[in-house]
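Enquirer: Sending over a structure as structure tokens; questions will come in a sec.
What follows is calculated from the coordinates using simple rules that are stated; it is not laboratory data. Please read all numbers here as calculations on a predicted model, not as lab measurements. Don't worry about glycine lacking a Cβ; one is built from the backbone with ideal geometry, like all the others, and counts go over all protein chains shown.
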Amino acid sequence: MTTTRDRTSPQVPDVPLDARLAMYRTMVECRTFEERAQQLFFEGLVRGTTHLGNGQEAVAAGFAGAMRSDDYTFCTYRGHNHTLARGVPMAPILAELFGRGTGLMGGKGGSMHLTSVAHGAMGSYAIVGAHLPIAVGAAWSAQYRKSGQVAVCFFGDGTTNIGSFHEALNLAAVWKAPVVFVCENNHYMEYTAIGDVTAVARPAADRASAYGLEPIVVDGNDVRAVYEVARRAIDRARDGDGPSLVEAITYRHGGHSRADPGKYRPDAEVQAWLARDPIPAERARLLADGVAEATLAGIDAAAGAAVAAAEAIAREAPEPDPASLTTQVWADGGSSWRN
Amino acid sequence: MAELTYRQAVAAAIAQEMERDPSVVFIGEDVAAAGGVFKTTEGLLARFGPERVRDTPISEQAIVGAVMGAAMTGLRPIGELMFSDFFAVAWDMIANQIAKTRYMTDGQVSLPLVLRTANGGGLRFGAQHSQSVENWAMAIPGLKVVAPSTPADVLGLLAAAIRDPDPVIFCEHKGLFATKGEVPDGEHVEPLGTARIVREGTDVTVIALAAMVPRALEAAERLQAEDGLSAEVIDLRCLVPLDTAAILASVKKTSRVFTVEENPRLCGWGAEVASIVADDGFYSLDAPIVRITTPHVPLASAAVLEDLAMPSVERISDTIRRRLDEAR
């Protein structure tokens, strides 16, 4: 799988080594965090539901690596990777998953709504498709304010069949809004294969021409390819040339959510994709490019230590203050609706 | 004092706020070049330019979503939904996204936005272009709800809604667009969450909203002339925040309460008002609280049926007269 938009640049870009190591670190941190989050779910500490991003780390890391610190990320309920990739600390995320008062949103949001405005993580949206028009609005705002910011909006393959996808793409194209739409095509909506319910083979890319956009398909398990596509799409947006629609082909290692073992997927398919795990692939390339094993082992170990430290903090975190039940409905901090 | 129509007051309010605050922007279907299908936004494009006053495609989810995204990143956007019935098309954006995001993010996200819409019946548009949807919004925590009855209040309350740091659903009654009224000279801003006593009285309290306010006032004049009855009429103006103090003070004075609601019967705002009066004003009451509403049916387009459905001056005055007679 390669980028089809590519016209002039080499297929494998010359990404600086420190940027590659940073993206590798992001992927390892995401994987380590998600694997521990899953265990903590089975332990009963993570409540409700979780939608893990295992296997899809290269999309988050490649795009985050290409973003400016003040750019906006909009993502879905499968948003742990994207939130971590923007540099949001693990401890408040884990405390949020535990429903604790020191969670990222004070325990009011949970796994599906991770948000850290200070990091440009403008929200994880749990209604399929909702955040695409919202990302267009943020991009329109950046355009109006001439801030040079770009909004990057991640969503799943299932989103391409809901109305707001099409409304957002059209409006963004008409307004030349600085937004990059990123479809993480992991082949399954929830439990149903996207191909079984979609009129075209490539659910995002095959719709691009309807909005005057080029079809862009990238190997979503190749972090360097993702980075290159991200850099071009973000540059294009920042230069005032309007939106892009990127389809990143990837695979989630687990089921849709914590309740789903993913039995509807053929074993051979799962095994083939596990063999294409983005993290060992990039690790091998870094080694081949001369990075010392000790350097990578150090990154791996640091990720484990960071997750363990975050877990220790989250385990000790207090329950939410009951008084917080009625705070932050309104900008005055309260919830009063009458005098 | 200048005289404006209700529709002119809409553009006047937006212009007033755009003049003072460059972060105010405005989008919607046919709002810019055409000046709005109800001609409520004429002249804004010419005055403020296409960067700030923009036409959109017929994409209600995109309109409302874009307004939200702009509001969370530093602008004070106004979005128009041509008919309030179209809220249903964008209800995810309104009820799930806009209303809940401040709470779910524990205050990280502020949404200083206004969604304006042409609300209400009486124009023979049929069931999908005539609804009073203010109760839909009132039922969702996180939305402020405003529904003015006069040009001066359109100006003052829309200005306040634009300045408000929270999301405001602003219901303009399409049956009132042609009505005229005096508006104050200079900058005009009315606080949200304050009802207005539009007619002082001592015998009964009549609580109304939007197009039901002039009808309640006319009914009150009839009752005065024909029965010597002194009706106090309250224009609620806002459902959220709700000025319960004004309601309870009036009940204390009159001991009788009638609501006049354009909405279908079930879960109308008057049910909440009745509940509050029952909770907090019960010992002031001399008789049951009476709700005068549209029956629980969709609005028909035929004039005779629509007029039969919506509370009329006759139905308001007859109901008040009959219920008072029963109590005697």
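Enquirer: With +1 assigned to the C-beta of every Lys and Arg and -1 to the C-beta of every Asp and Glu, and no other charges, what is the dipole magnitude of segment A:187-339 about the Cα centre in debye, to the nearest 20?
Expert: The dipole magnitude comes to about 220 debye.
Enquirer: Structure shown: which of A:176/B:180; B:100/B:174; A:108/A:176; B:39/B:144 lie over 31 Å apart, alpha-carbon to alpha-carbon?
Expert: Distance filter (> 31 Å) returns A:176/B:180; A:108/A:176.
Enquirer: What size of dipole, in debye to the nearest 20, comes out for the protein assembly as shown about its Cα centre when the only charges are +1 on Lys and Arg C-beta atoms and -1 on Asp and Glu C-beta atoms?
Expert: The calculation lands at about 360 debye.
Enquirer: Quick check for you: which residues of segment A:253-272 have the amide N under 14 Å from the point 7 Å beyond the Cα of residue A:38 toward its beta carbon?
Expert: A:253-263, A:270-271
Enquirer: Measuring from label point to label point, each 7 Å out along Cα→Cβ, what is the residue B:287 to residue A:272 span in nm?
Expert: Here the modelled spin labels are 7.9 nm apart.
Enquirer: Provide the percentage of antiparallel DSSP beta bridges, counting only those with both residues in the protein assembly as shown; round to the nearest 5.
Expert: Given both bridge residues lie in the protein assembly as shown, the antiparallel proportion sits at roughly 15 percent.
Enquirer: Let me ask something additional. Name the GluC sites (Glu not before Pro) in segment A:257-339 that are in a loop by DSSP and that have at most 16 other C-beta atoms within 10 Å, would you?
Expert: Counting only loop positions with at most 16 other Cβ atoms within 10 Å, none of the GluC sites (Glu not before Pro) in segment A:257-339 qualifies.
Enquirer: Once whole DSSP H runs in chain A are found, which of them have Cα atoms spread over 27 Å or more along the helix axis and a mean Kyte-Doolittle score of at least 0.0?
Expert: A:293-316
Enquirer: Which percent, to the nearest 5, of DSSP beta bridges fully inside chain B are antiparallel?
Expert: Of all bridge pairs located within chain B, approximately 20 percent are antiparallel.
Enquirer: I need two numbers for segment A:108-220: Rg to one decimal and Dmax as a whole number, Cα atoms only, in Å.
Expert: 14.4, 43
Enquirer: Still on this structure, please answer the following. Could you tell me how many degrees, from 0 to 90 and to the nearest 10, lie between the Cα long axis of helix B:6-20 and the main elongation axis, the longest principal axis, of the Cα atoms of chain B?
Expert: Once rounded, one gets 50 degrees.
Enquirer: How compact and how long is the protein assembly as shown, expressed as Rg and Dmax of its alpha-carbon atoms in Å?
Expert: 28.1, 98
Enquirer: So, one more: Using alpha carbons only, how many degrees (0 to 90, rounded to 10) separate the axis of helix B:269-280 from the longest principal axis of chain B?
Expert: Its long axis makes an angle of about 60 degrees.
Enquirer: Follow-up question, since we're still on this one. Can you list the GluC sites (Glu not before Pro) in segment A:41-123 that are in a DSSP coil and have 13 or fewer other beta carbons within 10 angstrom?
Expert: Passing both the DSSP loop test and the Cβ count: A:43.
Enquirer: For a bin width of 10 Å, list the pair-distance distribution of segment A:172-302 built from all Cα-Cα distances, rounded to whole %.
Expert: Cα pair-distance distribution for segment A:172-302, in percent: 11, 31, 31, 22, 5, 0.
Enquirer: Largest first and in whole Å, what are the equivalent-ellipsoid semi-axes of segment A:111-161 based on the Cα gyration tensor, each being the root of 5 times an eigenvalue?
Expert: Here the semi-axes work out to 21, 14, 8 Å.
Enquirer: Quick check of the Kirkwood formula: for segment B:29-135, what is the inverse mean of 1/r over all pairs of different Cα atoms, in Å?
Expert: Here the Kirkwood hydrodynamic radius works out to 14.7 Å.
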